[in-house]
Amino acid sequence: QVQLVESGGGLVQPGGSLRLSCAASGDIFSINGMGWYRQARGQQRELVATITRGGTISYASSVKDRFTISRDNAKNTVSLQMNSLKPEDTAVYYCKADLDSGVYRWGKGTLVTVSS
């Protein structure tokens with residue numbers, strides 16, 4: 001089993017920055033890709049950024065050039081640096097791990113609120 005715990009959410013003013021972290025534990029050697037998704041109130045969950053075990057990265061067009069995903073395989077963490085935050089970035093952010101078996105695991109999420 002793999003467990004994921006997110007941290008780093010909170011309230012920030014528009015234009016500000018936050019850094020989210022996701023710590024993985026358990027059968028970490030089964031983890032292939034990791035990523036961040038978000039779900040705003042009343043909306044479907046959407047992809048924010050992903051990173052493979054080998055370091056290949058992809059971003060949603062809405063966050064490209066503002067957000068940066070990184071992964072530390074030695075520490076079993078994946079982070080999301082979010083800059084130039086906008087009110088429309090307000091959402092619960094979830095960490096996801098794709099396992100070699102084809103299944104995936106979600107964290108419980110961390111709330112990011114961008115408001116003045």
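The values are calculated or read from the model by the stated rules, or taken from the named source; none is laboratory data. Owing to the predicted nature of the structure, the values given are computational and were not obtained by experimental measurement. Because the Cβ atoms are built from the backbone with ideal geometry, glycine has one as well, and the counts that use them run over all protein chains shown. All accessible areas refer to the heavy atoms of the entire protein, side chains included, with ligands and DNA or RNA removed. Shrake-Rupley method; radii C 1.70, N 1.55, O 1.52, S 1.80 Å.
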Classified through the alpha carbon gyration tensor (a ≥ b ≥ c as square roots of its eigenvalues; rounded if a/c is under 1.5, else prolate when a/b is larger than b/c, else oblate), the stretch 46-92 comes out prolate
Length added when fully stretched, residue 47-residue 83, from 0.36 nm per residue minus Cα-Cα
11.2 nm
Counting only protein heavy atoms with a 1.4 Å probe and every protein chain in place, the carbon and sulfur fraction of the accessible surface of the chain in whole percent equals 48 percent
As an exercise, use a Förster radius of 30 Å and the Cβ-Cβ distance of residue 62 and residue 5 to find the FRET efficiency, rounded to the nearest 0.05.
0.70
If amide hydrogens are placed 1.01 Å from N in the peptide plane, which non-local residues have theirs closer than 5 Å to the one on residue 86?
15
Count the net charge of all other residues whose Cβ sits under 12 Å from the Cβ of residue 12, scoring Lys and Arg as +1 and Asp and Glu as -1.
+1
Between residue 113 and residue 70, how high is the FRET efficiency from 1/(1 + (r/R0)^6) when r is the Cβ-Cβ distance and R₀ = 22 Å? Nearest 0.05.
0.45
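Could you tell me the number of lysine pairs in the chain with C-alpha atoms less than 22 Å from each other, where the two lysines are 8 or more residues apart or belong to different chains?
Qualifying lysine pairs in the chain: 5.
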Please report the relative contact order for the stretch 44-97, taking Cα pairs under 8 Å with a sequence separation of at least 6, and give it as a percent rounded to a whole number.
23 percent
Run the simple label-point estimate for residue 27 and residue 103 please: 7 Å along Cα→C-beta, distance reported in nm.
0.7 nm
For the chain, set up a Gaussian network in which alpha carbons nearer than 10 Å are linked by springs, and say which option among 51, 28, 69 fluctuates the most.
28
Please compute P(r) over all alpha-carbon pairs of the chain, binned at 5 Å starting from zero, and give each bin as a whole-number percent.
2, 13, 24, 26, 18, 10, 5, 1, 0
